[in-house]
1. Of everything in the stretch 419-437, what is farther than 17 Å from Phe300 by Cβ, charged (D, E, K, R) and under 30 Å from the mean Cα position of the chain (by Cα)? Give them in sequence order.
2. Considering each of Ser340, Ser318, Ser322 in turn, give the residue that is part of a helix (DSSP H, G or I) and farther than 20 Å from Ala386 by Cα.
3. Would you pick out the residues in the stretch 287-315 that are in a loop (DSSP other than H, G, I, E, B) and either within 21 Å of Glu200 (Cβ to Cβ) or at pLDDT below 95 (or both)?
4. Which of the residues spanning the stretch 98-125 are within 13 Å of the ligand (Cβ to nearest atom) and in contact with a Lys or Arg (Cβ under 8 Å, 6 or more places away or on another chain)?
5. Report yes if Phe403 is buried (at least 17 other Cβ atoms within 10 Å of the Cβ) and part of a loop (DSSP other than H, G, I, E, B), otherwise no.
6. Are any residues in the stretch 114-151 assigned to a helix (DSSP H, G or I) and of a type in the set (Ser, Thr, Tyr), and if so, which ones?
7. For the stretch 11-68, which residues satisfy the criterion of being in contact with a Pro (Cβ under 7 Å, 6 or more places away or on another chain), open to solvent by 30 Å² or more (accessible area, probe 1.4 Å) and polar (S, T, N, Q)?
8. Given the conditions (1) more than 10 Å from the chain's Cα centre (by Cα); (2) within 13 Å of the ligand (Cβ to nearest atom), which single one is not true for Thr215?
Amino acid sequence: MNDIGNVDYEGLIPNNVDLAHDTRVKHALERWHPGYLDWWNDMGPEGFQEKLVYLRTAVSVDPKGWAKFDYVRMPEYKWGILLAPQVEERKIPFGSHKGEPAWQDVPGEYRAMLRRLIVIQGDTEPASVEQQRHLGNTAPSLYDLRNLFQVNVEEGRHLWAMVYLLQKYFGADGREEAEALLQRHSGDPDMPRMLGAFNEKTPDWLSFFMFTVFTDRDGKLQLEALAQSGFDPLSRTCRFMLTEEAHHMFVGETGVQRIVEKTCTAMKEAGIEDAYDIEAVRKLGVIDLPTIQKKANLHFSLSLDLFGNEISTNAANSFHASLKGRFREDKLEDDHALESATYPVLRLVDGAIVKQEVPALSGLNMRLRDDYVRDCSSGSARWNRAVSKHGVEFEFKLPHVAFNRRIGEFSSIKADPSGNILSEAEWQKRRDEFLPSDSDRIFIEGLMRPELRPGKFASWIAPPKVGIDNKPGDFEYVKIAG
Ligand code: BYC
């Protein structure tokens, strides 16, 4: 199991964990598989299940050669169980077990805590597929349609990754949790997904791109933190998942960038200088920049909620237990125990937003969130470069962390995107300046018409600079007629 670079595709479930010799887990996964396929068919991409899609499949966990491109029907995708190669003699990098050999089995005392982390991670993966299931019907091109499906099948595989951990290491409770992951559904009033942002709708393609920029990036940061885990199978699983997460953010960042480019080009051609002349810009069949900013405000603020509360005993406990580390823990230079350290956190004190030093262990969610915010600014910088290249005066900005929050201290106040506290009445009056309004939604919905001819793109988005797998511009990424 240790150094397997290539994947065994012989059995029903491709894997590099020697499932063939692990009959208990193999049978458990085989029992779970039909329910998974039912879920995929019922809750996965609507309308394209029988189509051939040009997808990338992992065939090795070697970083240089792990992907193979070919036409596949999505329900026949090789989901599989893939872990990054084991690092020989890996030591736990943080927490009270720092320096001990990484655990190959679940430490009994941390069983419940570890299971909770794995279940929450697992719950987000199918949730995002559910949220995106109608988007195929309004795809702006075959290129984008294929990228959506690539993201979807990989989220499906990430669910497999968490289910494997549950079934291999958590016995009967793990099997129950694996079933429940298929029973909760995004937005279901009775059995919703566990975290707020995963019960929101992804109604249009701008939302999809923003989701992959901001919410998948939460995935990246959380996976980086779990990749540090003292529980080695979780660490190895997350390390492999991270290789796929990067592509999801690429889809989002370049998706928004292509929308911004199309808008700026159309504005310049029509001689429109004022980015806020929304009516004139919309008449060109493109999305005005202020509306794009409002979508970014919405998805950024929803994603901040995924980092939990400002002060969290859960986060402190899972760090102390060496289960969940910090972003790139192994690159940080401190004692990796944080027993006496402090960390500055923005808090609400007597109705004002102030920075306070708190015990570093309790502030770990915020530390991860700060790393996240820094990482997000690379996305908005990319869009701003596109705007300035076209000579348009406009700047995308990430809103303040107190803006539009539902989790944590700022959920009890209203703030504008600059972090000024507003009264409830003022918020109600100005809300549509900051977040997509009904009329913005109706306008965007009106643009969402499918463009499924090879090489063609909807009016509101520019073509990509290069094709997937270096394919030419008119490549048939999804065989619609076949
Ligand atoms: N919604 O102590 P606190 C991804 C709950 S995304 C609802 O601050 P903690 C992906 C919390 O559960 C990455 N409830 O929480 C992206 C707790 O409840 P209990 C997913 C929330 O535990 C795109 C209570 O409030 N992975 O991979 O420190 C596509 C107290 O809160 C929320 C992970 O998140 C919320 N937003 O932090 C596909 C990693 N926030 O237990 C995939 C695993 C908090 O008291 N999860 N609560 O009943 C964790 O590390 C932590 O659970 C959280 C929350 C960071 C999420």
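1. Arg430, Asp432
2. Working: Ser340 fails: part of a helix (DSSP H, G or I); Ser322 fails: part of a helix (DSSP H, G or I).
Within the list Ser340, Ser318, Ser322, the selection yields Ser318.
3. Initially, the stretch 287-315 is screened for residues in a loop (DSSP other than H, G, I, E, B), giving 287-288, 308-312.
Residues satisfying the conditions are Ile287, Gly308, Asn309.
4. Going through the stretch 98-125, the residues within 13 Å of the ligand (Cβ to nearest atom) turn out to be 112-125.
The answer is Leu117, Asp123, Thr124.
5. Working: buried (at least 17 other Cβ atoms within 10 Å of the Cβ): yes; part of a loop (DSSP other than H, G, I, E, B): yes.
Considered against the rule, which asks whether it is buried (at least 17 other Cβ atoms within 10 Å of the Cβ) and part of a loop (DSSP other than H, G, I, E, B), Phe403 comes out as yes.
6. The initial filter retains those residues of the stretch 114-151 that are assigned to a helix (DSSP H, G or I), namely 114-131, 135-138, 142-151.
Answer for the stretch 114-151, where residues must be assigned to a helix (DSSP H, G or I) and of a type in the set (Ser, Thr, Tyr): Thr124, Ser128, Thr138, Tyr143.
7. Correct list: Asn41 only.
8. Here Thr215 clears every test but (1).
The values are calculated or read from the model by the stated rules, or taken from the named source; none is laboratory data. All values reported here derive from a predicted model rather than from experimental measurement. Note that each Cβ is placed from the backbone with ideal geometry, even for glycine, and that neighbours are counted across all protein chains shown. Heavy atoms of the whole protein, side chains included, go into the accessibility calculation; ligands, DNA and RNA do not. Shrake-Rupley method; radii C 1.70, N 1.55, O 1.52, S 1.80 Å.
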